[in-house]
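See structure below.
The values are calculated or read from the model by the stated rules, or taken from the named source; none is laboratory data. The model shown is predicted, which means the values in this text are computed figures rather than measured ones. Counting neighbours? That spans all protein chains shown, and the Cβs are built from the backbone with ideal geometry, glycine included. Ligands, DNA and RNA are excluded from the accessible area calculation, which covers all protein heavy atoms including side chains. Shrake-Rupley method; radii C 1.70, N 1.55, O 1.52, S 1.80 Å.
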Amino acid sequence: MSTEKLANLIFPEATDSLLDLERKYPARLLKEGADVTRFAPSPTGFLHTGSLFTAMIAKTCAAQTEGVFFLRLEDTDTKREIEGAGETLLKEMKLFDVFPDEGYLGTHEAGAYGPYKQSERAPIYKTVIKQMIKDNLAYPCFCTNHDLSLLRATQEGNKVVPGYYGPYATCSFLSSEDDITKIENGEPFVMRFRSHGNHETKIKFNDLIKGDIEIAENDQHIVILKSDGLPTYHFAHVCDDHFMRTTLVTRGEEWISSVPLHIQLFDALKFNTPRYAHLPVINKLDNGNKRKLSKRKDPEAAVTYFLNLGYPVKAILTYLMSIANSNFEEWWTNNKTAPLSAFPFNLGKMSVDGALFDLEKVNFFAREYIATLNAKEVVEEFLSFAKAQGNTSLVNRIESNKSLFEMILNIERETPKPRKDYYQYDMIYDSIKFFFVDEFNAMIENGLIEEFNPQISKEDLVLILNDFKMRLVYKQGNELWFDSVKQIAASHNFALNGKEFKSNPSLYKGMVADIAEILRISVVGSRKSPNLYEILTILGQAEVNRRIDAILAMIALTDN
């Protein structure tokens, strides 16, 4: 009766029993083999790229088995919590299409297994610990920080494994009557789990990614309830995964060392232990050495890095899936436009070693994705990016010129081999702004027009530019247009092909490519651009001639 008296003294408000909780949170009515997975972040900052990877795997496993993917907010570490971080995480998860089926959803909760914030689940934890006290599985510990420091120093001096266990778990030897006396005297305490493990004994468990793992049994009497009344992660997640009926835990491999403790807790409480899949760490090469992708050192560790630069969301997810399963790229090569949910993902085909984060590979998938879109789709995604960035002037420009943007972004797009210039939407405007009169005028005013080939005299340059105004052919097809360029080249003694020029360089002033370059610089401001004929077609003869006149005026000024 003394353990029951102790339990009632510590938790008088916990009137439910474990059976009551089992009835309140019954087994889910899902088809056989359906997995219940979870993403359980702490509201302590941005969504990490590694966390997105973890959430994507959890959602994929649930979706492929017609199960449930839920989000639980583990907000019991009040010192590290950042206000609004939970809502931010949800917004970013929604953008990346890994939104949970149920759970904590930012402004509200959905699902019958809540609350989904750990800070609101105190009655559940208290009910469980109250029963643990009765079953001699938990006890109050009155050791102060000073006591624990002395204990550690003694253990280090004796060269034994440090921690609160076995003969060093001094409060575990107090009787219930002693505990009651101390509590009634107002002594502060925490609650500890009474472990009967031995760190010299090995346990074996199966990891769905890494296979069978053998590791030392847990013997630590861990704290399960802090003095502030909040549970520790190790204890809370065991209760939560049980009463939320989690069947598959996907988490980072850094948690492998905690598995013996977690299995011990599940067994002690007679809860079903979920299956574990410990995901490989995403690494990065740093001066030739591998290290974990770091929040502090690597901007790409935050998903906002990709959002702010306008990387297509599907491209990021495609890249993450490519490091998740070794057979993904072969599938993707034959299914580029298919949804990622069509890929037969398999935990057993995940790499055991950590993947290296490869930004160039991210860029590759982004280029490939954007190349599959038609012009209208690119413009819509570009507009969404501009809105997300709060770029009002760009939003207005796109919305007032949508058909123009579609023509521009359709250049060399719907072809057997489309251009693959862009891998982020942040790149687009700077590469096409020359189409707009005000932007091109600003380029001239600010001296941003590339210099012409100095091998071509100013006299010839002026004559060629004037010929463009008179003799260029528009809107009759690329072949006839280029014929007109060749005619202008020939009339100014430029060879019609490179081979001819290289055979007799002294006979020519240059070749037809030099003539095309003069035209390109005159209307684009740069030596590089998409298909020149399509640019001229979009700009129209009047605007092309206006630009040529502006260039002629610029040349004239340099003579004065």
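Annotations for the structure displayed:
- Of the residues examined, GLU479 is not one that is in contact with a Pro (Cβ under 6 Å, 6 or more places away or on another chain), closer than 18 Å to LEU519 by Cβ and modelled with pLDDT under 95.
- ALA301 among the hydrophobic types (A, V, I, L, M, F, W, C), under 21 Å from LYS94 (Cα atoms) and modelled with pLDDT under 90: yes
For (1) among the polar types (S, T, N, Q); (2) in contact (Cβ under 8 Å) with a residue 24 or more places away in the chain; (3) at negative phi, each residue gets a yes or a no:
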| position | (1), (2), (3) |
| --- | --- |
| GLY166 | no, yes, no |
| LYS182 | no, yes, yes |
| ARG192 | no, yes, yes |
| HIS196 | no, no, yes |
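- From LYS433, LYS420, LYS361, residue being closer than 28 Å to LYS292 by Cβ and open to solvent by 50 Å² or more (accessible area, probe 1.4 Å): LYS361
- Here ASN401 meets each of (1) within 15 Å of LYS433 (Cα to Cα); (2) open to solvent by 60 Å² or more (accessible area, probe 1.4 Å); (3) not aromatic (Phe, Trp, Tyr) with one exception, condition (2).
- Positions within the range 413-444 being assigned to a helix (DSSP H, G or I) and β-branched (Val, Ile, Thr), in sequence order: ILE428, ILE432, VAL437, ILE444
- Sub-6 Å Cβ pairs linking a first residue in the range 480-507 that is under 18 Å from ILE456 (Cβ atoms) and among the hydrophobic types (A, V, I, L, M, F, W, C) to a second residue that is assigned to a loop (DSSP other than H, G, I, E, B) and open to solvent by 60 Å² or more (accessible area, probe 1.4 Å), at least 6 apart or interchain, are PHE494/LYS509, ordered by first then second residue.
- Residue among VAL68, VAL98 that alone is crowded, with 21+ Cβ neighbours inside 10 Å, over 28 Å from LEU21 (Cβ atoms) and under 24 Å from the mean Cα position of the chain (by Cα): VAL98
- Evaluated against (1) touching a Phe, Trp or Tyr at 6+ places or on another chain (Cβ under 9 Å); (2) under 29 Å from ALA315 (Cα atoms); (3) at pLDDT 90 or above, CYS143 falls short on exactly one condition, (2).
- Candidates LYS458, LYS469: the one that is in contact (Cβ under 8 Å) with a residue 12 or more places away in the chain and under 18 Å from THR558 (Cβ atoms) is LYS458.
- Leading residue by the ranking (most open to solvent (accessible area, probe 1.4 Å)) among those in the range 242-272 that are of a type in the set (Val, Ile, Thr) and under 23 Å from ALA63 (Cβ atoms): THR247
- Some residue of the range 537-544 being farther than 27 Å from TYR422 by Cα and in contact (Cβ under 8 Å) with a residue 12 or more places away in the chain: yes
- Residues of the range 63-119 satisfying the condition of being among the β-branched types (Val, Ile, Thr) and free of Cβ contacts under 8 Å to residues at least 24 places away in the same chain: THR107
- Considering only residues in the range 120-134 that are open to solvent by 60 Å² or more (accessible area, probe 1.4 Å) and touching a residue at least 12 places away in the same chain (Cβ under 8 Å), the one that is nearest to GLY197 (Cα to Cα) turns out to be LYS134.
- Pair list, Cβ < 8 Å and 6+ apart or interchain, from the range 11-27 residues that are within 15 Å of LYS134 (Cα to Cα) to residues that are polar (S, T, N, Q) and outside any loop (DSSP other than H, G, I, E, B): PHE11/THR127; ALA14/THR127; ASP16/THR127; SER17/THR127; SER17/GLN131; LEU18/THR127; LEU18/GLN131
- Tally of residues being touching a strand residue (DSSP E or B) at 6+ places or on another chain (Cβ under 6 Å) and buried (at least 23 other Cβ atoms within 10 Å of the Cβ) across the range 36-49: 4
- Here ASN136 passes the criteria (1) of a type outside the set (Phe, Trp, Tyr); (2) in contact with a Leu (Cβ under 9 Å, 6 or more places away or on another chain); (3) at positive phi except the one numbered (2).
- Once the range 489-515 is narrowed to residues that are open to solvent by less than 20 Å² (accessible area, probe 1.4 Å) and in contact with a helix residue (DSSP H, G or I) (Cβ under 6 Å, 6 or more places away or on another chain), the residue that is nearest to ASP430 (Cα to Cα) is ILE515.
- Within the range 439-455, tally of residues that are open to solvent by less than 80 Å² (accessible area, probe 1.4 Å), more than 17 Å from SER529 (Cα to Cα) and without any contact (Cβ under 8 Å) to a residue 24 or more places away in the chain: 2
- Contacts under 7 angstrom Cβ, first residue in the range 273-297 being in contact (Cβ under 8 Å) with a residue 24 or more places away in the chain, partner of a type in the set (Phe, Trp, Tyr) and open to solvent by 20 Å² or more (accessible area, probe 1.4 Å), 6 or more apart: HIS278/TRP255; ILE282/PHE357; ASN283/PHE357; LYS284/PHE357; LEU293/PHE357
- Set LYS270, LYS284, LYS290, LYS295: member being out of contact with any Asp or Glu (no Cβ under 8 Å at 6 or more places or on another chain), among the basic types (Lys, Arg) and closer than 20 Å to MET350 by Cα: LYS290
- Single residue of the range 279-320 satisfying the filter (among the hydrophobic types (A, V, I, L, M, F, W, C) and over 11 Å from the mean Cα position of the chain (by Cα)) that is farthest from VAL362 (Cα to Cα): LEU279
Residues checked against (1) touching a residue at least 60 places away in the same chain (Cβ under 8 Å); (2) open to solvent by less than 20 Å² (accessible area, probe 1.4 Å); (3) within 30 Å of GLY252 (Cβ to Cβ); (4) not charged (D, E, K, R):
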| position | (1), (2), (3), (4) |
| --- | --- |
| GLY348 | yes, no, yes, yes |
| LYS376 | no, no, no, no |
| GLU381 | yes, no, no, no |
| ALA386 | no, yes, no, yes |
| ILE408 | yes, yes, no, yes |
